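For reference, the structure discussed in these notes is given below.
The values are calculated or read from the model by the stated rules, or taken from the named source; none is laboratory data. Keep in mind that what you see is a predicted model, and the values were worked out from it rather than measured. We place every Cβ from the backbone using ideal geometry, glycine too, and count neighbours over all the protein chains shown. Note: accessible area is taken over every heavy atom of the protein model, side chains too, but ligands, DNA and RNA are not part of it. Shrake-Rupley method; radii C 1.70, N 1.55, O 1.52, S 1.80 Å.
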Amino acid sequence: MYLKNIHLRQFRNYLDQKVVFDAPKTILVGNNAQGKSNLLEAVELLSTLKSHRATRDRDLILDSKPMGQIDASLERQTGSIELALTMRSQARRVCKINGEPLRRHLDFLSVLNVVQFSCLDLDLVRGAPEIRRHWIDRLVIQLEPIYAHILQQYNQILRQRNALLKSSKEIRKTDVSETIDKMQFMGNETPFSPNREQFPIFSPLLGEGGVAQSPIPNTELALWDAQLATAGARVIRRRDRILDRLIPLARNWHSSISGSTELLDVKYAANIEVGQEFIAKDNLEGVRQAFLDKIQQRAIAEKIQGTTLVGPHRDDITFTINNTPARQYGSQGQQRTLVLALKLAELQLIEEVVGEPPLLLLDDVLAELDLNRQNQLLETIQERFQTLITTTHLGAFDSQWLEQTQILTVVAGQIHQF
């Protein structure tokens, strides 16, 4: 696939800017805070409808104007495709393909496939589990767009269940507090800490360790449990399935970059212990039952804390190099090699699944890589992947490589030929 042009109107710091891509590799050069990353962000939005830098559309629109627009022309093996995304600060987005508005945003996803690699991605290894969950979720969406709906459904159920647990916790606090106040009003001036043995009257309110029991009707919580387990099982299976395909590719790339001196291992650390036989056999019911069993095990803790402690929103992905945890003990060089291997594996996997090479977005990342890793990345790109690169200077690039590259300068939201 090849992105032929992109047109930004009232997007970030761009008032009205069109860019035509006339070479497989384009370098956007300029000082910081001029708009280089904003252009890559626009391409990312056209692919996933998500930005890793903003959660609200109003933050993407220039100077609080009512709307912003991204239009692009894409060439795929099936022909030319026109994409349009309109963001409005006070209304829902509008997505169009070839001029036709889409009723479902799901149909817009992954018409344009991209892999983004920025300096922020180095936190994939050393950052919080949430970063790794977002990374794998975005990859799954690229390969299975329906996953965006499954993930949204799971998160909605999770919010509702959390709200129920939280309200129950608040009710318990209020009930116990009011009862204690009544006891003290009746003449008990000493500090009051109820338990079953001393105060049988509190038994209906107290659970293990003197903690108030939940006033949630069992049937109501059971309904949310069932919905959470069903949606969560689908999330777990899809994450595991994609990782199963990605891991061998990442190992091969990692071995190549490290000169076969290091062995990479990647594992999906699911919050729920699920037998591989269930996932391998695509057994949704087996995964779902494991989910429900874990909910029962953590039921008291969830009621005490007032939040859901079980599910894929608490999953992680672990990386080890030569059987040593990369997060805690990997050197900076090892961590960067690992992330580079993951990104190259993403490129390869998307190309295998989709049947066309995706776009590669490199956001100021070359400065973070040493010469060996830079060369590995640039040699892999060649003419195979259309690549957009941001940088503050051209010194990191080989002169011969630059000869085959379109170079654009970016200054205060204005883009010009170098």
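Sort D265, D398 by heavy-atom solvent-accessible area, probe 1.4 angstrom, most to least.
Values: D265 40, D398 90 Å².
Solvent-accessible surface, decreasing: D398, D265.
What does the chain give for Rg and for Dmax, in Å, if only its C-alpha atoms count?
Computed over the Cα atoms of the chain, radius of gyration and Dmax are 25.9, 90 Å.
For T324, enumerate residues with amide H under 5 Å from its amide H, sequence gap 5+ or separate chain, H modeled in the peptide plane.
Those qualifying (amide H under 5 Å, at least 5 residues apart or on another chain) number zero.
Where both partners of a DSSP beta bridge lie in the chain, what percent of those bridges are antiparallel, to the nearest 5? Provide the component values of the computation, followed by the final result.
Values: 43 of 61 bridges.
Roughly 70 percent of the beta bridges in the chain run antiparallel, per DSSP.
No solvent, one uniform scatterer per C-alpha: report log10 I(q)/I(0) for region 1-135 via the Debye equation at q = 0.10, 0.12, 0.18, 0.21 1/Å, two decimals.
The Debye formula, applied to the Cα set alone, gives -0.34, -0.50, -1.12, -1.43.
Would you mind working out the magnitude of the charge dipole of region 256-357 relative to its Cα centre, with +1 at each Lys and Arg C-beta and -1 at each Asp and Glu C-beta, to the nearest 20 Debye? Walk me through the intermediate numbers first.
Working: 10 positive and 14 negative charges, 103 e Å.
Approximately 500 debye in magnitude.
Just read off the accessible area of K267 with the full protein assembly in place, 1.4 Å probe, to the nearest 10 Å².
120
Quick one: net charge around T390, please, counting Lys, Arg +1 and Asp, Glu -1 for every other residue with C-beta under 11 Å from its C-beta. Could you put the intermediate results ahead of the total?
Numbers: positive: K36; negative: E41, D363, D364.
After counting each charged neighbour, the total is -2.
Packing-wise, with mean Cβ within 10 Å as the measure, how do 58-70, 346-358 rank, highest first? Show your work: numbers first, answer last.
Values: 58-70: 15.9, 346-358: 18.1.
So the peptides 58-70, 346-358, ranked by packing, come out 346-358, 58-70.
Helix-only mean residue ellipticity at 222 nm, the chain, DSSP H runs n ≥ 4 weighted -39,500 (n - 2.57), per residue, nearest 500. What is it? Can you show the working numbers first?
Numbers: 12 runs with 181 residues, N = 418.
The helix contribution divided over the chain gives -14000 deg cm²/dmol.
Using a 1.4 Å probe and ignoring any ligands, DNA or RNA, find the accessible area of T230 and quote it in Å² to the nearest 10.
The value for T230 is about 40 Å².
What translational diffusion coefficient, to the nearest whole µm²/s, does region 300-418 have by Stokes-Einstein, given a Kirkwood radius computed over alpha-carbon pairs, a temperature of 25 °C and 0.890 mPa s viscosity? Intermediate results must be reported in sequence, preceding the final value.
Numbers: Rh = 17.8 Å.
In µm²/s, the coefficient is 138.
I need the phi-derived Karplus couplings for region 99-106: 6.51 cos²θ - 1.76 cosθ + 1.60, θ = phi - 60°, integer Hz, Gly and Pro marked x.
Rounded to whole hertz, the list is x, 9, x, 9, 6, 10, 5, 4.
Using the Cα centre as the reference, give the magnitude of the dipole from point charges on the C-beta atoms of region 15-63 (Lys, Arg: +1; Asp, Glu: -1; all else neutral), rounded to the nearest 20 debye.
On the way: 7 positive and 7 negative charges, 31 e Å.
Roughly 140 debye for region 15-63.
Need one number: % antiparallel among DSSP beta bridges in region 315-418, to the nearest 5. Can you show the working numbers first?
Working: 6 of 10 bridges.
Among the beta bridges of region 315-418, antiparallel pairing accounts for roughly 60 percent.
For the chain, what are the DSSP H helices with axial Cα length of 24 Å or more and mean Kyte-Doolittle hydropathy of at least -0.5?
On the way: long enough: 146-185 (59 Å, -0.68); 218-257 (55 Å, -0.26); 332-354 (33 Å, 0.41).
Helix filter hits for the chain: 218-257, 332-354.
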